[in-house]
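A.B. asks: A single structure is presented below for examination.
The values are calculated or read from the model by the stated rules, or taken from the named source; none is laboratory data. All values derive from a computational prediction rather than experimental measurement. Note that we place each Cβ from the backbone using ideal geometry, even for glycine, and neighbour counts take in every protein chain shown.
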Amino acid sequence: MLRESQARDRPVFVELLVSPGVNTYLGGPRSRADAEGEVPELPGRWPGSFVVDRDGEMIGHILLRRPTGDRRPAANGRVDLGYLFLPQTWGRGYASEACAAALDWFDAALPAEPVVLFTQSANTASMRLAAKLGFAEVERFHAWDAEQWLGLRPAAGS
């Protein structure tokens with residue numbers, strides 16, 4: 001189930017930021033002190049931010065956002081999909097199901113908008129998920145000491 005975040009989700013948001021497994025392809029984990037300082041009492045409450053809930057407990061976070069600042073030309077102005085899941089939930093299809101549901105929500109809200117996704121090409125699980133969700137490679141580039149992959153999912157109905 002996708003839902004808005006609640007104050008009780010804060011410890012899981014912190015855990016997602018400090019987990020070495022979760023952050024293997026994201027530049028490494030943050031320190032617990034830094035994560036505790038960064039995560040507000042009520043984290044991630046805006047359109048496009050979803051808590052992934054299983055049996056009443058947060059297991060992940062999905063974010064659809066339009067970042068500002070310097071980006072790859074193919075991604076400029078586009079919404080991107082990001083997701084984090086607790087390691088104990090990996091390999092069970094939760095990311096696929098939850099990301100598909102979030103993209104369905106997005107397609108209903110903004111049907112003319114394509115979505116981009118960035119991942120390291122070494123992250124084979126993320127690459128498989130991107131393909132399953134309909135993202136096609138736009139480019140590969142080198143950044144953060146690794147090869148990065150940029151995929152594009154066309155607007156709904158394209």
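A.B. asks: Go through the range 27-58 and count every residue that is among the aliphatic types (A, V, I, L, M) and without any contact (Cβ under 8 Å) to a residue 12 or more places away in the chain.
C.D. replies: In the first step, residues of the range 27-58 are kept if they are among the aliphatic types (A, V, I, L, M); the result is 33, 35, 39, 42, 51-52, 58.
Next, from what is left, pick out any that are without any contact (Cβ under 8 Å) to a residue 12 or more places away in the chain: 33.
Going through the range 27-58 one residue at a time, the tally reaches 1.
A.B. asks: Can you name the condition, by its number, that Glu41 falls short on among (1) under 14 Å from the mean Cα position of the chain (by Cα); (2) not in a helix (DSSP H, G or I); (3) not basic (Lys, Arg)?
C.D. replies: (1)
A.B. asks: Separate question: Being within 15 Å of the chain's Cα centre (by Cα) and closer than 22 Å to Gly21 by Cα: is that true of Val51 here?
C.D. replies: It is true that Val51 is within 15 Å of the chain's Cα centre (by Cα) and closer than 22 Å to Gly21 by Cα.
A.B. asks: Moving on to the next point. Filter the range 73-94 for residues that are of a type in the set (Ser, Thr, Tyr) and closer than 30 Å to Ala112 by Cα and give the result. Outline the logic, then answer.
C.D. replies: Taking the range 73-94 and keeping what is of a type in the set (Ser, Thr, Tyr), we get 83, 89, 94.
Scanning the range 73-94 gives Tyr83, Tyr94.
So that you can scan it fast, the table gives a plain yes or no per residue for (1) modelled with pLDDT under 95; (2) touching an Asp or Glu at 6+ places or on another chain (Cβ under 6 Å); (3) crowded, with 17+ Cβ neighbours inside 10 Å:
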| residue | (1), (2), (3) |
| --- | --- |
| Val12 | no, no, yes |
| Trp46 | yes, no, no |
| Ile59 | no, no, yes |
| Leu64 | no, no, yes |
| Asp70 | yes, no, no |
| Asn76 | yes, no, no |
| Leu86 | no, no, yes |
| Ser96 | no, no, no |
| Ala100 | no, no, no |
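A.B. asks: Please enumerate the residues belonging to the range 3-25 that are among the aliphatic types (A, V, I, L, M) and either without any contact (Cβ under 8 Å) to a residue 12 or more places away in the chain or touching a helix residue (DSSP H, G or I) at 6+ places or on another chain (Cβ under 6 Å) (or both).
C.D. replies: Step one: filter the range 3-25 for residues among the aliphatic types (A, V, I, L, M), giving 7, 12, 14, 16-18, 22.
Passing the criteria: Val14, Leu17, Val18, Val22.
A.B. asks: Give the number of residues within the range 139-158 that are of a type in the set (A, V, I, L, M) and surrounded by fewer than 16 Cβ atoms within 10 Å (Cβ to Cβ). Outline the logic, then answer.
C.D. replies: Just the residues of the range 139-158 that are of a type in the set (A, V, I, L, M), to begin with: 143, 146, 150, 152, 155-156.
Checking which are surrounded by fewer than 16 Cβ atoms within 10 Å (Cβ to Cβ) leaves us with 143, 146, 155.
Of the residues in that region, 3 qualify.
A.B. asks: Let me ask something additional. If I ask for residues that are outside any helix (DSSP H, G or I), within 24 Å of Asn76 (Cβ to Cβ) and of a type outside the set (S, T, N, Q), which ones from the range 96-132 would you list?
C.D. replies: Looking only at the range 96-132, we keep the residues that are outside any helix (DSSP H, G or I), and these are 110-123.
Those left that are additionally within 24 Å of Asn76 (Cβ to Cβ): 110-121, 123.
Result: Leu110, Pro111, Ala112, Glu113, Pro114, Val115, Val116, Leu117, Phe118.
A.B. asks: If you take the residues of the range 133-158 that are among the aliphatic types (A, V, I, L, M) and assigned to a loop (DSSP other than H, G, I, E, B), which of them is modelled with the lowest pLDDT? Steps first, answer last, please.
C.D. replies: Taking the range 133-158 as the starting set, the residues that turn out to be among the aliphatic types (A, V, I, L, M) are 133, 136, 138, 143, 146, 150, 152, 155-156.
Checking the rest, the ones that are also assigned to a loop (DSSP other than H, G, I, E, B) come to 133, 155-156.
Values: Leu133: 97, Ala155: 91, Ala156: 81.
Step by step, filter the range 133-158, then rank; the result is Ala156.
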